[in-house]
Each structure stands twice: as structure tokens, then as C-alpha cells.
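Written below as C-alpha cells is the structure these notes are about.
Derivation of every value follows stated rules applied to the coordinates shown; laboratory data play no part. Keep in mind the model is a prediction, meaning the values are calculated, not measured. Cβ sites come from the backbone with ideal geometry, for glycine too, and all protein chains shown count toward neighbours.
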Amino acid sequence: MLIALFPGDGIGPEIIAQARRVLDALAIEGLTYEEGLVGGAAYKAVGHPLPPETLDIARRADAILFGAVGDPDCDSLERHLRPEQAILGLRKALGLFSNLRPAKVFPELADASALKKEVASAIDLLIVRETNGDVYFGEKGMRKTPDGLREGYDIMSYNEEQVRKIAHQGFQAARARRGKLCSVDKANVLETSQLWRDVVIEVSAEYPDVALSHMYVDNAAMQLVRDPGQFDVIVTGNMFGDILSDQASMCVGSIGMLASATLNDSNQGLYEPIHGSAPDIAGQGKANPLATVLSAGMMLRYSLGLPEQADRIEAAVAKALANGARSPDLGGTMNTVEMGDAVLAALN
Ligand SMILES: NC(=O)c1ccc[n+]([C@@H]2O[C@H](COP(=O)([O-])OP(=O)(O)OC[C@H]3O[C@@H](n4cnc5c(N)ncnc54)[C@H](O)[C@@H]3O)[C@@H](O)[C@H]2O)c1
Ligand SMILES: CC(C)[C@H](C(=O)O)[C@@H](O)C(=O)O
Ligand SMILES: [Mg+2]
């Protein structure tokens, strides 16, 4: 089994190193690795954020473990050269359309949540985010208006096949969990969302056992703070899922805790923390590696068919937290390596 390792920029190398330590400690037979350059690191080395040789590794791999991309030095580059094109390019090239972002509070971290403990303790939701469409991949650019004003535009669009595919992901996830699916859109304003809602309703006929609800995204953002425990599975588009998942991270304690899996039709997956390259703390040993360690666990579960090993990683993270492992984002002082040490010490 070949794992593509793409550390990327900022804290990416720091957190990938800890996930690799944990994977190595599991001593899984037949696991091989191939590292590739992505993001600003790739641009600075070879002039492109997603070089052909990296894409080749990704295509050959059984799974991708991705750190993060993003480098302030590159923010003024033409869009196609910016570091973020690495993650967007991988999602598109490999058809990675189904982005699973679980948010479940670890009891030990209920106090770390921005919400009251009793509100945070009820959180156990999964955001199923579509990641091959929406404004991310629509026609975009800069132009001049008739009266000479600069104008930026990004076309939002979804076709029914894209919506149908992610809707099935949402319904299947809800069926395997607590049987509730909330589709989040902005159908009171957007035609794209009206199609989204219409297709989700069409698909719901195949899942009579799943309770479907619909929520406008502004209300969903408010409900995520007011009563996050109401949610089981949320299915939504690329842009809304990006925003709601970062918000959900603070409900459970830190963005340094949330893992993700992005899957295609053949269950090849890209696994990464939902956070970014955190340039404000890069190189300081302050990064919490647990979201990346948990992403490695999702990789073992979803792409490599090793659920027992995935369980070992999740149990070790929970035990490390129970043993008091806390990085600065969790109110502690442990550095990135020490957090990795704590997980290794807790691994059974
Ligand atoms: N998938 C990705 O690669 C990805 C995701 C989000 C943002 N980005 C990129 O990352 C760069 C920085 O973006 P941003 O600052 O808006 O978002 P960010 O997620 O990198 O950081 C937001 C805040 O959370 C903190 N943080 C993030 N991860 C943490 C961790 N593991 N431990 C402790 N604290 C952590 C950061 O220090 C920062 O204060 C940008 O270039 C952006 O495009 C990349
Ligand atoms: C870096 C950016 C393109 C990316 C996204 O918006 O999908 C990030 O925010 C994420 O959540 O993975
Ligand atoms: Mg994001």
C-alpha cells in the first residue's frame, strides 16, 4: 500500500512528521511512502504549486496524507500559481468530491470549547461537503464594467449529477449514524441552491429511513452555536461546508483537532486536517498535530481497510488527552513533538 505524503507549507511538515511517527509505531506490514512537494514549497522549488511529478505520485497512491498549503510569500501570485491550487488541483484531478469533516467533542476537551460545556458535550456531527463544484471551480476572473470599474466575478454552479452524488454520500452517512440528514443551502436567494434542494429531495425517496431537513446556511451557522447537538449529518456545498466546518471546530475545542477525509468514487482518499498552514505559528513547535494524526486514522479506515488500526489511533488520541496532553490551542504548553510523544505513549 502506497501512501503519498504531501507535507506542504507552514506547520504542514511539523504535523505530518507526528502522524508519520504514529503510523510507523503501528508497524503495519506493506505500508510504503512517497513524499511530494505541494503548495508554496513546490512553487519555490520548481515553479508550480502542484508539479506533474507530485500529481503522478498522487495518482499511483492508495491514499494521500496531506499537511497544509498556504504561504504569505505567494499570496500575490497569479491565482493558478498560488499554493492553494495544490489542494484544489488534487481534489479536481482525482475526482475527490466527498469531503467528510467529523466534529465530535472529546469529553476531556469540553472545557476547551468556545461554548458552554453542556452545549459542547452534545456535539457529534459529520459535515459532508461537496468539493468538486461551487464557486471554487466555476468561471472566475477580473474584468472592467462599462463605466470602467474593476469587477471580480466567481460563478457559482452545481449540476444535478454533482448534487445527486454528494446527496447519496450524505444519506448513506446518516443511515450509518443516527438517521438524520440536514441539507444546508441558500435556496431563498440562489438558483444553485434551489437545484441543490430539489435534487436532495429527489434522492431522499431512496432513503425513507433517513429524516431529511433543510436549513438556510445563515440559520445553520447560528444553530451550530445555539444547539450543535441537534445535528447528525449536514450535507452542503463547497463554500458553505468550508465555513461551517471551521466554525464547528471551535465548538469542539480547537481547529487543531478536526480531521477530514476527501473521497472519490473508488474510495481513494486525501486525508488532511481541516486547518491550514498556520503561518502565524509555523516553525515554533506550537501546532497541535492531533487533527493530522486523526486524519491518518481516517485514512486507515476509509482507504486502507484497516479499521482496527484506525481504532488504535483514535483510542490513543483520546487516552493522550485523558492523560493531560494539551498544546497551546488547548490551553496547554506541550509542543508539537511532545503531543506526538503523548499519542505514542498511549498507543496500545
Ligand atoms: N487545506 C489546506 O491546506 C488549507 C486549509 C485552510 C487554510 N489554508 C491556507 O493556510 C493559510 C493560513 O490560513 P488561515 O490563517 O486563514 O487558517 P489556518 O487554519 O492556517 O489558521 C487559522 C488559525 O488557527 C490556528 N491553527 C491552525 N491550525 C492549528 C493547529 N494545528 N494547532 C494550533 N493552532 C492552529 C492558526 O495559528 C491561526 O491562528 C492560508 O494560505 C490559507 O489559504 C490551507
Ligand atoms: C485552502 C482552501 C482552498 C481550502 C478550501 O477552501 O477548501 C481550505 O480552506 C480547506 O478547508 O481545506
Ligand atoms: Mg477551510
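Using θ = phi - 60° and the Karplus relation 6.51 cos²θ - 1.76 cosθ + 1.60, list the HN-Hα couplings for region 81-93 in order, rounded to whole Hz, with x at every Gly or Pro.
Calculated HN-Hα couplings, in order: 9, 6, x, 4, 5, 5, 6, 5, x, 5, 4, 6, 5 Hz.
Taking θ as phi - 60°, what are the ³J(HN,Hα) couplings along region 188-201 by the Karplus curve (6.51, -1.76, 1.60), each to the nearest whole Hz, with x for Gly and Pro?
Here the 3J(HN,Hα) series is 6, 10, 9, 5, 4, 6, 5, 4, 3, 5, 4, 6, 4, 5 Hz.
Assuming R0 = 51 Å, what is the FRET efficiency of Lys44 and Ile201, from their Cβ-Cβ distance, to the nearest 0.05?
On the way: r = 48 Å, r/R0 = 0.93.
Step by step, r from the Cβ atoms, then E = 0.60.
Would you look at the GNM of the chain, springs on alpha carbons closer than 10 Å, and say which of Glu139, Glu308, Glu151 moves the most?
Glu151
Could you please report the charge total around Gln162, scoring K, R as +1 and D, E as -1 over all other residues with beta-carbon less than 15 angstrom from its beta-carbon? All intermediate terms of the calculation are to be shown ahead of the outcome.
Working: positive: Arg91, Lys92, Arg129, Arg164, Lys165, Arg197; negative: Glu130, Asp134, Glu160, Glu161, Asp185, Glu191, Asp198, Glu202, Asp265.
Charge balance near Gln162 sits at -3.
What's the magnitude of the charge dipole for the chain around its Cα centre, counting Lys and Arg as +1 and Asp and Glu as -1 at the beta-carbon? Answer in Debye, nearest 20. Walk me through the numbers on the way to the answer.
Details: 32 positive and 46 negative charges, 69 e Å.
For the chain, the charge dipole is close to 320 debye.
I want the antiparallel fraction of DSSP beta bridges within the chain, as a percent rounded to 5.
Bridges in the chain are about 45 percent antiparallel.
Would you calculate the separation in nanometres between label points at Ala93 and Val189, each defined as 7 Å from the Cα along the Cα-to-beta-carbon direction?
3.5
Could you give the distance between the Cα centres of region 109-183 and region 222-298, to the whole Å?
12
Just in region 159-223: which GluC sites (Glu not before Pro) are loop by DSSP and have at most 16 other Cβ atoms within 10 Å?
Values: sites: Glu160, Glu161, Glu191, Glu202, Glu206; in loops: Glu206.
The qualifying sites are Glu206.
If I histogram all Cα-Cα distances within region 115-180 using bins 5 Å wide from 0, what percent of pairs lands in each bin?
Cα pair-distance distribution for region 115-180, in percent: 4, 13, 14, 13, 12, 11, 10, 9, 6, 4, 3, 0.
Arg197: net charge of surrounding residues, Cβ under 13 Å, Lys/Arg +1, Asp/Glu -1, itself excluded?
Here the charged neighbours net out to -3.
Which value, to two decimals, describes the C-alpha radius of gyration of region 282-348 once divided by 2.2 N^0.38 Å? Display every interim value, and only then the final one.
On the way: Rg = 12.1 Å, N = 67, 2.2 N^0.38 = 10.9 Å.
Against the empirical 2.2 N^0.38 Å value, I get 1.11 for region 282-348.
Rg and Dmax in Å for the chain, alpha carbons only: what are they?
Rg, Dmax (Cα atoms, Å): 19.8, 68.
List the residues whose amide H sits under 5 Å from the amide H of Ile234, counting only those 5 or more places along or on another chain, with H placed 1.01 Å from N in the peptide plane.
Leu126, Ile127, Val128, Cys182
Treating only the Cα positions of region 83-124 as identical point scatterers, give the base-10 log of I(q)/I(0) from the Debye formula at each q in 0.14, 0.24 Å⁻¹.
With no solvent term, the Cα-only Debye profile gives -0.54, -0.71.
Just to be sure I follow the definition: excluding the sites themselves, where is the longest run in the chain that has none of the trypsin sites (Lys or Arg not before Pro) in a DSSP loop with at most 15 other Cβ atoms within 10 Å?
Between the exposed loop sites, the longest stretch runs 179-348.
To the nearest 500 deg cm²/dmol, what mean residue ellipticity at 222 nm is calculated for the chain from DSSP H runs of n ≥ 4 alone, each contributing -39,500 (n - 2.57), summed and divided by the residues?
Dividing the helical sum by the residues of the chain leaves -12500 deg cm²/dmol.
In nm, to one decimal, how far is the modelled label at Asp73 from the one at Tyr153, with both set 7 Å along Cα→Cβ?
3.6
Based on the alpha carbon coordinates of region 46-125, what radius of gyration and maximum Cα-Cα distance (Dmax) apply, in Å?
When restricted to the Cα atoms of region 46-125, Rg and Dmax are 18.0, 50 Å.
Which value results when the Cα radius of gyration for region 156-307 is divided by 2.2 N^0.38 Å? Could you put the intermediate results ahead of the total?
Values: Rg = 16.4 Å, N = 152, 2.2 N^0.38 = 14.8 Å.
So region 156-307 has a normalised radius of gyration of 1.11.
Which pairs break 24 Å Cα to Cα here: Lys92/Lys140; Lys116/Lys286; Lys104/Lys319; Lys144/Lys186; Lys140/Lys180?
Going by Cα-Cα distance, Lys116/Lys286; Lys144/Lys186; Lys140/Lys180 fall outside the 24 Å limit.
Let me check against my output: what whole-number percent is the relative contact order of region 12-114, with C-alpha pairs under 8 Å and at least 6 apart?
So the answer I get is 26 percent.
Dimensions of region 126-218 along principal axes (Cα, Å, largest first)?
55, 23, 21 Å, listed from the longest principal axis down.
List the residues whose amide H sits under 5 Å from the amide H of Ala282, counting only those 5 or more places along or on another chain, with H placed 1.01 Å from N in the peptide plane.
none
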